[in-house]
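Asks: The structure follows.
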Amino acid sequence: MAHFTKATSVKDWLNQRLAIEKVEKVMASEYWIPKNINFLWAMGMVLAITFALLLVSGIFLLMYYQPDVKDAFYSVNYTIMRDVDFGWLWRHVHGVAASVVFLIIYIHMFTGIYYGSYKKGREMIWVSGMLLFVTFSAEAFSGYMLPWGQMSYWAGMVITNIFSLGGLHLDGLVEWIRGDYVPAQAFLTRFFMLHVLLLPLAIMGLIGLHFAALRIPHVNNQDGEEIDFDVEAKKYLAGDKASSKVIRFANDFMSKDLMVVGFFLIFFFYLVFFQYGFALDPVNFDPADGLKTPAHIYPEWYFLWSYEILRPFSVNIGLIAFGFAQVIFVLLPWLDRSPNAVPASRRGAFSIWFWLLLIDMIVLTAMGKLPPEGMFSTIGLVAAVAFILLWVALPFITMNEKKV
Amino acid sequence: MKNKEPLILVVVVAFTLLTYWLVEPYAHSVMHKHVESEQFAYADLKPVSKTGNVANGKDLVMGAAACTGCHSIEKEGMPAAMDAVSAAASYGVNPPDLSNAGAIYDAKFLANLIVNPAHALKVEHKFDAAKGQMHPMTAFFGAGGDIDQEVADMVAYLKSIAISPSEVTPKIAYENACGRCHALEYENWTQIGEKPAFKFEKDALAFDIQVLEYKEHLTKYMGKLPPDLSMYIRSRGEHFISTFIENPQAHLEGTAMPRVGVTADAAEKVIEHLADAGDTKRHERDSIGKSVLIYSVIFAIFALLWKKQVWKDLH
């Protein structure tokens, strides 16, 4: 056992047992962050705060929600919205944060792509981030089922149908997932478990992994500069803060994080109180009715782009395209053959690729919601093909990129 | 190096707004037909040209026009001839009590309703007299005098006994205009009235059986059971509800729902009642929202000042 001396203070007592000074150094005061990063790098903290809001509001909702097909809708729309003090607030915080978290995830992802933050030693940051994205998607989808509204039910029907894998007709697999022939009690109860236990646990584990993945390769910067963190840290500690290229995480970068969080919260609470409906589909305020199909079935906005990659093709090709869209982002660090981890603006063809991908995904998102008729289905098909071609072209356009 | 952050922010916001516009306002405008409000003018109906005489109207309502054969006028001590369930069995739906009809329904609508119910209610596709499909409400063919004058008299009478339009509460407006077909579970409203708090379960069950029977007749009459409106303020929104009340056919051609014929003021009250059911906490939300936003702004200002202070040494 280690040698313990009589503690001189509470801090000392804790320090001998928990090494809090060391933890503080590793996690905060000597966790070095490049100085030249902009507010987009604060999206990680914004996501952490949003996740915390989701967790806390979710816990309050969990106290009153009934995972029963007969009571679920009522428990959300009557009990929580009317009977429970501030239930409406928790629900709107939860509903709005569920949508906003995806907006920030997409900004976070595209920031990573733009600045090449997935390259050279940072692959695990990217891969763990993509795993988080997939888990968040499952979390969002399972949560969307819970109010048992009309769109919950039919989105559940459509999405689980995908598991029959088209021509393979694995109807048995679909029934196994649902626990019934159609979404019913077994389906609701298991999605409830996934949403409130298994997936949040997985998310918290993955957040840990994502942070850990950052520790050794360090945070990228907006100039793509290779920083010798040891040299720069010494300079900082010697008092030459102004010319050092690195800063402490706390309080230096944290003060910037918090500032961005502050402005983000104004936007967030504006939505919660005055535009709560932007994230809650009106159709889902009709109780689930298995005998009446809604005129248009579409997923939440953050799934629209991948839904639109599925939709314009025949069933089997659509599924292959959909599968491609789900995994291709994970492979980005290896598909990008260039030696540069610099902003896209300095990478010639890649820059064009980046903006085309962004615009293509916005077009896919829009077409995914619009009814698949006439011009919309043509645009959707072109955008879906363009998405696949962009990824196929990526290794070729980055292969010959000169070192900058 | 030049500070690029404002430009980056503009790019992020622009792409976000573009995406939002495409998936919300634009997509919904494509998916849902836009129906303009007709300002509750009932422009297709014949205007009331005569000035009504209340006393003569009363005689007609109670006498020659035989309104009270089916309609109760509780206010004037005329109770309903039968209970709601039996009335629904006879007519499909319980005929409304006329005590406050003059305050809730548009005068021109009432006048036209008396003369040609199927036309005023815009349900001629369902009740075509030529095919023998008579509307349960019998049209008034006149008592022998000037029919326009007689109708004006009856409307004047209905207006004279009704509470003043300013006294119409959201609840009264809803119960009169919508409540005989649409339940409002979240406000404890059934098609046969508010469900009382019963002491014995058997009484509660007896009430429920009455509601079920009423719903059965109503379903037969309408083709399907009209939906519970508890969440309609959220699932449909104000604009939809308002324009739907005004003219259901404009949204849903061929629907069995009649044009309700309410005044613009009564329609607003109906919507307020629906908001009371489905968006109960809206006033609390608005007032707390303002405080939270003020707090957030102050928090952001302090965060900004702290950042400036910390970064003073770093530049």
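The values are calculated or read from the model by the stated rules, or taken from the named source; none is laboratory data. Quick caveat, the model's predicted, so the values are computed rather than measured. Positions of Cβ are backbone-derived with ideal geometry, glycine not excepted, and every protein chain shown enters the neighbour counts. All accessible areas refer to the heavy atoms of the entire protein, side chains included, with ligands and DNA or RNA removed. Shrake-Rupley method; radii C 1.70, N 1.55, O 1.52, S 1.80 Å.
Asks: Could you quote the convex hull projected area for the stretch A:33-297, Cα atoms only and averaged over all directions, in nm²?
Replies: Working: hull surface 66.6 nm².
Projected area, direction-averaged: 16.6 nm².
Asks: Could you tally the net charge around B:VAL310, taking each other residue with its Cβ under 14 Å from the Cβ of B:VAL310, Lys/Arg +1 and Asp/Glu -1?
Replies: Here the charged neighbours net out to +4.
Asks: Tell me the net charge near B:LYS215. Cut-off is 13 Å between Cβ atoms, B:LYS215 excluded, with +1 for each Lys or Arg and -1 for each Asp or Glu.
Replies: Details: positive: B:ARG180, B:LYS220, B:LYS224; negative: B:GLU185, B:ASP208, B:GLU213, B:GLU216, B:ASP228.
In short, -2.
Asks: For every helix of n ≥ 4 consecutive DSSP H residues, a contribution of -39,500 (n - 2.57) applies; sum these over chain B, divide by its total residues, and give [θ] at 222 nm rounded to the nearest 500 deg cm²/dmol.
Replies: After summing the helix terms and dividing by the residues of chain B, the value is -15500 deg cm²/dmol.
Asks: Show me A:319-326, A:262-269, B:299-306 ranked by packing, highest mean number of other Cβ atoms within 10 Å first.
Replies: A:262-269, A:319-326, B:299-306
Asks: Answer with one residue from B:GLY179, B:ASN100, B:PHE15: the one whose Cα lies farthest towards the positive end of the charge dipole of chain B, charges on Cβ with Lys, Arg +1 and Asp, Glu -1.
Replies: Highest projection toward the positive end goes to B:PHE15.
Asks: How big is the stretch B:210-315 by Rg and Dmax over its Cα atoms, in Å?
Replies: Over the stretch B:210-315's Cα set, Rg and Dmax evaluate to 24.3, 80 Å.
Asks: Running a GNM on chain B with Cα contacts under 10 Å, which residue among B:LEU212, B:LEU274, B:LEU113 ends up with the highest mean-square fluctuation?
Replies: B:LEU212
Asks: How big a patch of accessible area, both sides summed and in Å² to the nearest 100, lies buried between A and B at a 1.4 Å probe?
Replies: The summed interface area works out to 5100 Å².
Asks: With a cut-off of 8 Å between alpha carbons and a minimum separation of six or more residues, what is the relative contact order of chain B in percent?
Replies: Computed over chain B, the figure is 22 percent.
Asks: At 1.4 Å probe size, with every protein chain present, just tell me what the per residue accessible area of the protein assembly as shown comes to in Å².
Replies: With the other protein chains kept in place, the protein assembly as shown gives 48 Å² per residue.
Asks: Chymotrypsin sites (Phe, Trp or Tyr not before Pro), restricted to the stretch B:85-143: which are DSSP loop and have at most 12 other Cβ atoms within 10 Å?
Replies: B:PHE141
Asks: Would you mind classifying the stretch A:1-90 by shape? Square roots of the alpha carbon gyration tensor eigenvalues, ordered a ≥ b ≥ c; an a/c under 1.5 is rounded, otherwise it is prolate if a/b is larger than b/c and oblate if not.
Replies: oblate
Asks: Which of the trypsin sites (Lys or Arg not before Pro) found in the stretch B:1-92 are loop residues per DSSP with 10 or fewer other Cβ atoms within 10 Å of their Cβ?
Replies: B:LYS2, B:LYS33
Asks: Given 10 Å bins starting at zero, what is the percent of C-alpha pairs of the protein assembly as shown in each, up to the one with the largest pair distance?
Replies: It works out to 2, 12, 19, 20, 16, 12, 9, 6, 3, 1, 0, 0, in whole percents.
Asks: For the stretch B:54-280, take the convex hull of the Cα atoms, compute a quarter of its surface area, and give me that in nm², please.
Replies: Seen from a random direction, the Cα hull of the stretch B:54-280 projects 12.9 nm² on average.
Asks: Round to a whole number: what % of the accessible area of chain A belongs to carbon and sulfur, probe 1.4 Å?
Replies: Roughly 70 percent of what the probe reaches on chain A is carbon or sulfur.
Asks: Let me ask something additional. Between beta-carbons, use under 11 Å as the cut-off and find the net charge around A:ASP336, counting Lys and Arg +1, Asp and Glu -1.
Replies: Around A:ASP336, the charge tally is +2.
Asks: Scanning chain A for trypsin sites (Lys or Arg not before Pro) in DSSP loops with at most 12 other Cβ atoms within 10 Å, what's the longest stretch left with none?
Replies: In short, A:71-291.
Asks: Tell me, what HN-Hα J-couplings in whole Hz come from the Karplus equation 6.51 cos²θ - 1.76 cosθ + 1.60 at θ = phi - 60° for each residue of the stretch B:278-285, using x for Gly and Pro?
Replies: Running phi through 6.51 cos²θ - 1.76 cosθ + 1.60 with θ = phi - 60° gives x, 9, 3, 9, 5, 6, 4, 4 Hz.
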